[in-house]
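Read the structure below first, then the notes.
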Amino acid sequence: MSFSQQPILEMRKAAKAFGGVQALAGADLTLYPGEIHALLGENGAGKSTLLKALAGVHKIDSGSIVLNGKNFEQGSTRLARDQGIAVIYQEPSLFPDLTLAENVFVGRQLSKAGFVDWKAMEEEAQKLFAQLGVQLSAGRRARGLSIADQQIVEIAKALSINAQVIIMDEPTAALSSKEVERLFSVARNLKEQNCSVVFVSHRLDEVFALCQRVTVMRDGATVGTDLISNIDENKIIKMMVGREVSELFPKQPAELGDVVLKVENLGQAGQFTGINFEVRKGEIVGLAGLVGSGRSEIVRAIFGIDKYDTGSVFLNGKSLARGSASKAMDAGIAFVPEDRRQQGLLMPYSISTNTAITVLKKLSRAFLIRAKKEKEVAITWGQTLQLKYTSVEDAVEKLSGGNQQKVVLGKWFATNPELLIVDEPTRGIDVGTKSEVHKLLSQKVQQGLAVIMVSSELPEVLGMSDRIIVMREGRQTAILNREDATPEKVIALATGAVSAK
Amino acid sequence: MKKLSKLIRSRELPVFFALALVYFGTGFANPQFFTVTVVNDIFLGVAIVAVLAVAQTFVLVMRHIDLSVGSVIGFTAFMIGDLSSQGYPLIVVLSAALLIGAAVGAVNGYLVAYLRLPSLVVTLATMYVVRGIFNEVAKGQTIVESDVPEELNWLGLNRFFGVPYLFIIGIILMLVAGFVMYRVRAARDLYAIGSNAAAAELVGIPVNRRVFFAFLATGAISGLAGAVMLARFNSASTNSGLGLELVVIAACVVGGVTIAGGAGTVYGAVIGAILLQEILLAIGALGIPQFWQLAVNGILIIAAIGLDRYLSTRVKSTSIMGNK
């Protein structure tokens, strides 16, 4: 890398809003040929939006992107690629039925006299694989290829179009350590060939091992860019967090009661292992960690959506059946899933149907559902939750995200649960409704509810939880008490920047 | 060597073996099966389905389906006879058949590609619509031998070095389509679309246009195939081609063209068609009651899908350091 050279790419003051949410607000990025550049930031810091702007998926609202001295034309992924930007996604989407050679050249197959030249294509692809130092047969089909190998095919594709900027979006998340090593050598190889590689990863050790420079983003803006040799892990974490834990999340102190849930040595092959914790009446236990660290999988296993392989779960001292959500519900557990649109609500149905669905047994007589009772339940909960609606007969798909989430909460509160599991309770919800949801949880906890909360938002976890379990790659690295938990500590434990005791 | 291993792994080979197995197995039990007449019966009988199966392959590899082909071929067979009996020259009559087929294909293609309606439903609907128009136009009339153009009559009766002309037409179509599907970029795109439609869009393949033209081509060939049908049977009525679309799809599936899209060739489709026809005759030769034929077809389809699933799970997966 030589900084005396012209930068290959310069993004200045890029801004992009989706509806009311400002995803990018003054993002800067400068890339030089022959460097591997780390792009870091918490979940929701704007990395993905920035990458998608460069990939041609999103158009920025304002700001400038200059590529190779020319204005970068935005509009489509095809256009971005033609200008020399290639993106390697965490899980590439190849064509399983086509050969690797054809996958590399798909849409622009090499041809001779107007007809596809298979021989040239296979030779060319084979050359690219060799150039990357990878053993893959260009003639085989892509079906059955490991994710690591699929990424290699995408990188070969990028090389074949002479991409100058190759963006790798969390490429190592699904790779084994051996595969990560190979990817690193491929990335260094690209750097030698004067490509500019953007490397997005949550694993700081990888960033230090591979990259020359680093850009940190927070709240849609670039916080800073520096040489990796000028910076250390603590500094990066400070830059990523950089804000006070706001008072938006007012967990009221509640009296702790008996142990409601006890999890002993829980494990699921390939997902998580050795999970131990308790949740008491009146307590919120937060599950923090990166996406893919096993947080959601644990709560799904506790609720019985998935089966766990080892360990046991006790509710009020009684063993809970494995792999049965309906038994978990009967025992008094409620579960608010991560994706409310797909898993939490019947979108085209009314507020009252959605709210009453968990208590239908109680409402029905002789197998017939009593619509009037349904409505009563919905109205009661609508008021408690300060739901904004015109009629409980309205379809929930018409409601805002925040109000939809309230309906999901309402339908579970209607069952009078002893333990509530919430996965990403406020994702995609505006700030005002967010604090209402938090207040609501807080109130319920004061009345003796026990809560497990999974969240990717650090301020939420820190603000709401009495205790925080930090997860990393399927293991619990620490359980922190509220007073000991700082953003820096949680991030360090979640990314492996320090080893847990 | 490389070519050989490619051949061994091809999806068409097992079907080809089945073909040989049925042939020799039946011949062993009933030596009369080993006569030239039987082979010719197979070839003649398979011509129509072979042509339609080639056309159907275009849409199947895109993970679509065209159920309207049975109605189209019946309708155009009738129209060729009808127009010809009114004195129109053959070239005009055949052009009309082509245009009718292309028009139905264009409607299918437009609804599927641009309005994003599911092809199963769209072509089910056009299957009925075309059959309805056919009934209205025909008003219960039938085409008889005297209405059939002389040239078609001749084609249906004669052979080239012992091979029926109709079968040769099917083989030529298969070879041309086979070459196009392998060596023409736009046709390769059909495989990409069927394999991963979202990714096809992302790499800049004009998906809508490709889907549209593939349906157009399927319709046009099915329309022209009316000539083959008329040449074969020397007659046509409002029942012509009824239910044929399912026989065609069965032939494709048995021949390794998957309903899931992305894989299969026109060669496989034709071999599949021949296998089904061969089994029909084998059942007769073995003295098995004819109604078993349908059941055997059904079992074959399941066997084909089962084999397909087996082959795709058996496919080598790569691990850590990416061995070949």
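Values computed for the structure shown
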{"quantity": "Of all residues in segment A:138-153 being in contact with a strand residue (DSSP E or B) (Cβ under 6 Å, 6 or more places away or on another chain) and either aliphatic (A, V, I, L, M) or within 8 Å of another protein chain (Cβ to nearest Cβ) (or both), the one that is surrounded by the fewest Cβ atoms within 10 Å (Cβ to Cβ)", "calculated": "A:Gly139"}
{"quantity": "Residue count for segment A:65-83, restricted to those that are within 14 Å of chain B (Cβ to nearest Cβ), assigned to a loop (DSSP other than H, G, I, E, B) and surrounded by 15 or more Cβ atoms within 10 Å (Cβ to Cβ)", "calculated": "2"}
{"quantity": "Test: residue in segment B:238-247 that is under 26 Å from A:Thr99 (Cβ atoms), modelled with pLDDT of 90 or more and in contact with a helix residue (DSSP H, G or I) (Cβ under 9 Å, 6 or more places away or on another chain)", "calculated": "no"}
{"quantity": "Some residue of segment A:167-174 being in the same structural domain as A:Cys211 (by TED's automatic domain parsing), among the hydroxyl-bearing types (Ser, Thr, Tyr) and modelled with pLDDT of 90 or more", "calculated": "no"}
{"quantity": "Single condition A:Glu473 does not satisfy, out of (1) modelled with pLDDT under 90; (2) within 16 Å of A:Gly401 (Cβ to Cβ); (3) not basic (Lys, Arg)", "calculated": "(2)"}
{"quantity": "Single residue of segment B:249-265 satisfying the filter (under 24 Å from B:Thr26 (Cα atoms) and of a type in the set (A, V, I, L, M)) that is nearest to the other protein chains (Cβ to nearest Cβ)", "calculated": "B:Val253"}
{"quantity": "Subset of segment B:100-123 (residues that are in a helix (DSSP H, G or I) and loosely packed, with under 15 Cβ neighbours inside 10 Å)", "calculated": "B:Tyr114, B:Leu120, B:Val121"}
{"quantity": "Subset of segment A:162-175 [more than 11 Å from chain B (Cβ to nearest Cβ) and free of Cβ contacts under 8 Å to residues at least 60 places away in the same chain]", "calculated": "A:Thr172"}
{"quantity": "Residue within segment B:156-163 that is touching a residue at least 40 places away in the same chain (Cβ under 8 Å) and either touching a strand residue (DSSP E or B) at 6+ places or on another chain (Cβ under 7 Å) or β-branched (Val, Ile, Thr) (or both) present", "calculated": "yes"}
{"quantity": "Condition broken by A:Asp97, with the remaining ones in (1) within 26 Å of the chain's Cα centre (by Cα); (2) surrounded by 20 or more Cβ atoms within 10 Å (Cβ to Cβ); (3) not β-branched (Val, Ile, Thr) satisfied", "calculated": "(1)"}
{"quantity": "Number of positions in segment A:12-55 that are assigned to a loop (DSSP other than H, G, I, E, B), among the small types (Gly, Ala, Ser) and either closer than 16 Å to A:Met217 by Cα or modelled with pLDDT of 90 or more (or both)", "calculated": "4"}
{"quantity": "Index of the failed condition, A:Leu132 passing every other in (1) over 22 Å from A:Tyr32 (Cα atoms); (2) surrounded by 17 or more Cβ atoms within 10 Å (Cβ to Cβ); (3) more than 10 Å from chain B (Cβ to nearest Cβ)", "calculated": "(1)"}
{"quantity": "Every residue from segment A:113-150 that is touching a residue at least 24 places away in the same chain (Cβ under 8 Å), among the β-branched types (Val, Ile, Thr) and under 23 Å from B:Gly194 (Cα atoms)", "calculated": "A:Ile147"}
{"quantity": "Given (1) within 14 Å of chain A (Cβ to nearest Cβ); (2) at pLDDT 85 or above; (3) not in a helix (DSSP H, G or I), index of the condition B:Gly268 fails", "calculated": "(3)"}
{"quantity": "Given (1) over 27 Å from B:Arg9 (Cβ atoms); (2) more than 9 Å from chain B (Cβ to nearest Cβ); (3) basic (Lys, Arg); (4) out of contact with any Leu (no Cβ under 9 Å at 6 or more places or on another chain), number of the condition A:Lys178 does not satisfy", "calculated": "(2)"}
{"quantity": "Single match in B:Ile283, B:Ile259, B:Ile249, B:Ile274 (criterion: surrounded by fewer than 21 Cβ atoms within 10 Å (Cβ to Cβ) and in a helix (DSSP H, G or I))", "calculated": "B:Ile283"}
{"quantity": "Residues satisfying the stated conditions in segment A:95-104, i.e. over 9 Å from A:Ala138 (Cβ atoms) and more than 10 Å from chain B (Cβ to nearest Cβ)", "calculated": "none"}
{"quantity": "Residue count, segment B:120-146 (criterion: within 19 Å of B:Leu60 (Cβ to Cβ) and touching a residue at least 12 places away in the same chain (Cβ under 8 Å))", "calculated": "6"}
{"quantity": "A:Ser62 being more than 13 Å from chain B (Cβ to nearest Cβ) and closer than 29 Å to A:Val291 by Cβ", "calculated": "no"}
{"quantity": "Failed criterion for A:Pro92 (all others in (1) farther than 25 Å from A:Tyr32 by Cβ; (2) within 10 Å of another protein chain (Cβ to nearest Cβ); (3) surrounded by fewer than 18 Cβ atoms within 10 Å (Cβ to Cβ) hold)", "calculated": "(3)"}
{"quantity": "Residue identified as within 27 Å of B:Asn158 (Cα to Cα) and surrounded by fewer than 18 Cβ atoms within 10 Å (Cβ to Cβ) among B:Gly45, B:Gly27, B:Gly70", "calculated": "B:Gly27"}
{"quantity": "Options B:Thr123, B:Thr76: the member that is within 20 Å of the chain's Cα centre (by Cα) and farther than 16 Å from B:Ala231 by Cα", "calculated": "B:Thr123"}
{"quantity": "Flag for A:Ala53 being surrounded by 23 or more Cβ atoms within 10 Å (Cβ to Cβ), over 23 Å from A:Leu183 (Cβ atoms) and more than 10 Å from every other protein chain (Cβ to nearest Cβ)", "calculated": "yes"}
{"quantity": "Verdict on A:Leu110 being of a type in the set (A, V, I, L, M), outside the structural domain of A:Leu227 (by TED's automatic domain parsing), surrounded by fewer than 22 Cβ atoms within 10 Å (Cβ to Cβ) and under 30 Å from A:Ala130 (Cα atoms)", "calculated": "yes"}
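Quick grid of which residues meet (1) surrounded by fewer than 21 Cβ atoms within 10 Å (Cβ to Cβ); (2) away from chain B (no Cβ under 14 Å); (3) of a type in the set (S, T, N, Q):
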site	(1), (2), (3)
A:Lys157	no, no, no
A:Ser160	yes, no, yes
A:Asn189	yes, yes, yes
A:Gln193	yes, yes, yes
A:Phe199	no, yes, no
A:Cys211	no, yes, no
A:Asp226	yes, yes, no
A:Ile236	no, yes, no
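The values are calculated or read from the model by the stated rules, or taken from the named source; none is laboratory data. Everything numeric in this text was worked out from a predicted model, so none of it was measured. Backbone-built Cβ (ideal geometry, glycine too); neighbour counts: all protein chains shown.
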